[in-house]
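Q: Pasting a structure below so you can have a look.
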């Protein structure tokens, strides 16, 4: 399955290009500056809404340069990361990676964009073909959601990361190790079982029938109430399987 560029989650606040200075590298602005950090952030957000990405980027960078200690800096790096991510080409995706990585340098819960930045980093890595790093980034999102359930978007991001981790695992993971990995991520057996079912369907739809068969066989053991259904799917996860025959067998399951 090819990587998919996702935009489902919404950032609380927005990130900056590789050319922008890191927080702390420029003296903090004084009260004589024309605009405060909040005014600059709001102006940049307004430029984004109006489609003026060049002006938005310039204003976000100005905020970082003039207010390196501002609480808006992490969200500013997130916003710049989004601008780079939306461009989609490899050079901009590299910039997006650097910008999101700047954003996660500030820890939660004060950093409201922390979970979102890791979520988008997962897609940066997935688009780049680095499934292992994508899995690690999704795990960060899931852990964040579990640790800070009251944080804005934390629950939504955790749910989406648990879903999105499945197709990535299908590309780079070992089917026989899926359950323990999912169990650790999900934190509950029912959720891990649901992820296994999704993995089996992903394997089947992508033509990885041995992987699908392996997962269905494990489901038949771990999901006893539906063992018959999983067992039938396992038996028919072979080349040339007859769909009508499988449907007939499924009807016999309790």
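Q: Taking neighbour counts of Cβ atoms within 10 Å as a proxy for exposure, in what order, fewest first, do 181, 41, 60, 236 appear?
A: 181, 236, 41, 60
Q: Per-residue ellipticity at 222 nm for the chain, helices alone: DSSP H runs ≥ 4 residues times -39500 (n - 2.57), over residue total, nearest 500 deg cm²/dmol?
A: That calculation yields -20500 deg cm²/dmol at 222 nm.
Q: Using a Förster radius of 45 Å, what is the FRET efficiency between residue 35 and residue 184 based on their Cβ-Cβ separation? Nearest 0.05, please.
A: 0.45
Q: Let me check the size of the chain from its C-alpha atoms; what are the radius of gyration and Dmax in Å?
A: 22.3, 79
Q: Then there's this: Taking R0 as 35 Å, what's the FRET efficiency between residue 71 and residue 132 from their Cβ-Cβ distance, rounded to 0.05?
A: Efficiency computed from Cβ-Cβ geometry: 0.60.
Q: What's the center-to-center distance, using Cα atoms, between segment 33-65 and segment 97-138 in Å?
A: 23 Å
Q: Would segment 174-254 count as rounded, prolate or oblate if I go by the C-alpha gyration tensor, calling it rounded below 1.5 in a/c and otherwise prolate when a/b exceeds b/c, oblate otherwise?
A: Since a/c reaches 1.5 but b/c is at least a/b, the shape of segment 174-254 is classed as oblate.
Q: What shape does segment 65-148 have by the C-alpha gyration tensor, where a ≥ b ≥ c are the square roots of the eigenvalues, rounded means a/c under 1.5, and otherwise prolate means a/b greater than b/c and oblate the rest?
A: Note, shape of segment 65-148 comes out oblate.
Q: What FRET efficiency, computed as 1/(1 + (r/R0)^6) with R0 = 25 Å and r the Cβ-Cβ distance, is obtained for residue 147 and residue 105, rounded to the nearest 0.05?
A: 0.90
Q: On to the next question. Please label the shape of segment 102-200 as rounded, prolate or oblate, based on the square roots a ≥ b ≥ c of the eigenvalues of the alpha-carbon gyration tensor (a/c under 1.5 means rounded; beyond that, a/b larger than b/c means prolate, else oblate).
A: Cα axes put segment 102-200 in the oblate bin.
Here, each number is a calculation from the coordinates, and none is a lab measurement. Values in this document were obtained by computation on a predicted structure and should not be read as measured data. With ideal geometry, Cβ positions are generated from the backbone for all residues, glycine too; neighbour counts draw on all protein chains shown.
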